[in-house]
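> Got a structure here, written out as structure tokens. Questions coming.
What follows draws every value from the coordinates through simple rules; no lab data is involved. Just so it is clear, the structure is predicted and the values come from calculations on it, not from any experiment. Methodologically, a virtual Cβ is constructed for each residue, glycine included, from the backbone with ideal geometry; neighbour enumeration extends over all protein chains shown.
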Amino acid sequence: QVQLVESGGGLVQAGGSLRLSCAASGRTFSGYAMGWFRQAPGKEREFVVAISGSGGRTYYSDSAKGRFTISRDNAKNTVYLQMNSLKPEDTAVYYCAARSGSYVSAQSADYWGQGTQVTVSS
């Protein structure tokens with residue numbers, strides 16, 4: 001069993017930055033691909049970014065490319081999402097997810113965090 005706890009959300013003005021963190025329990029963190037997803041009101045949950053267990057491979061949605069960076073520290077069992085140049089359309093609840101293996105999608109995730117709210121004002 002893996003428990004995921006997100007933190008770092010909040011209110012920021014357009015153009016600002018936030019760094020989200022997702023702390024995971026368990027001793028085999030490096031064996032899990034990690035991802036960030038988001039869900040805005042009235043919309044489906046969507047993929048944002050993902051990273052392999054070793055951190056050697058990363059995957060970005062078109063909306064995240066050039067603005068967001070995913071990273072992980074396996075010694076701290078934590079994955080990070082650095083978000084720069086935020087836009088009002090980035091407003092959503094952000095969730096981290098884990099899957100044993102090399103990649104995680106919304107459909108394949110084994111574990112989910114409770115989510116953290118990100119609100120970007122114009």
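> Running a GNM on the chain with Cα contacts under 10 Å, which residue among 79, 93, 104 ends up with the highest mean-square fluctuation?
Among 79, 93, 104, the largest mean-square fluctuation in the Gaussian network model of the chain belongs to 93.
> Can you tell me the equivalent ellipsoid semi-axes for the chain? Use √(5λ) from the Cα gyration tensor, largest first, whole Å.
Gyration-tensor ellipsoid for the chain: 23, 14, 13 Å.
> Which of the aspartates and glutamates could a cross-linker bridge to residue 65, judged by Cα under 17 Å and excluding same-chain residues fewer than eight apart?
Partners found: 46, 89, 90.
> Please list 3J(HN,Hα) in residue order for region 54-62, calculated via the Karplus relation 6.51 cos²θ - 1.76 cosθ + 1.60 where θ = phi - 60°; whole Hz, with x for glycine and proline.
Residue by residue, region 54-62 yields 7, x, x, 10, 10, 9, 10, 6, 4 Hz.
> Once you charge only the Cβ atoms, +1 for Lys and Arg and -1 for Asp and Glu, what is the size of the charge dipole of the chain about its Cα centre, to the nearest 20 debye? Display every interim value, and only then the final one.
Working: 12 positive and 8 negative charges, 46 e Å.
So the dipole magnitude of the chain works out to roughly 220 debye.
> So what is the relative contact order for the chain, in percent, with contacts set as C-alpha pairs under 8 Å and at least six apart?
Across the chain, relative contact order equals 36 percent.
> Considering amide H positions built from the backbone, and no H for Pro or chain starts, which residues 5 or more places from residue 110, or on another chain, come under 5 Å of its amide H?
Hits under the 5 Å cutoff: 98, 99, 100.
> Ok, one more. Under 5 Å between amide H atoms, partner at least 5 residues away or on a different chain: which partners does residue 16 have, H built in plane at 1.01 Å?
86
> A further question on this structure: If you plug each phi of region 26-35 into the Karplus form 6.51 cos²θ - 1.76 cosθ + 1.60 with θ = phi - 60°, what whole-Hz ³J(HN,Hα) values come out, in order, with x for Gly and Pro?
Karplus-based 3J(HN,Hα) across region 26-35 equals x, 9, 10, 4, 5, x, 10, 6, 10, x Hz.
> Something else about it: Once phi is turned into ³J(HN,Hα) by the Karplus curve 6.51 cos²θ - 1.76 cosθ + 1.60 with θ = phi - 60°, what whole-Hz value does each residue of region 92-104 show in order, with x for glycine and proline?
4, 8, 9, 10, 9, 9, 9, 8, 5, x, 9, 8, 10
> Given the options 97, 108, 33, identify the residue whose Cα lies farthest towards the positive end of the charge dipole of the chain (+1 on Cβ of Lys, Arg; -1 on Cβ of Asp, Glu).
Positive-most Cα among the choices belongs to 33.
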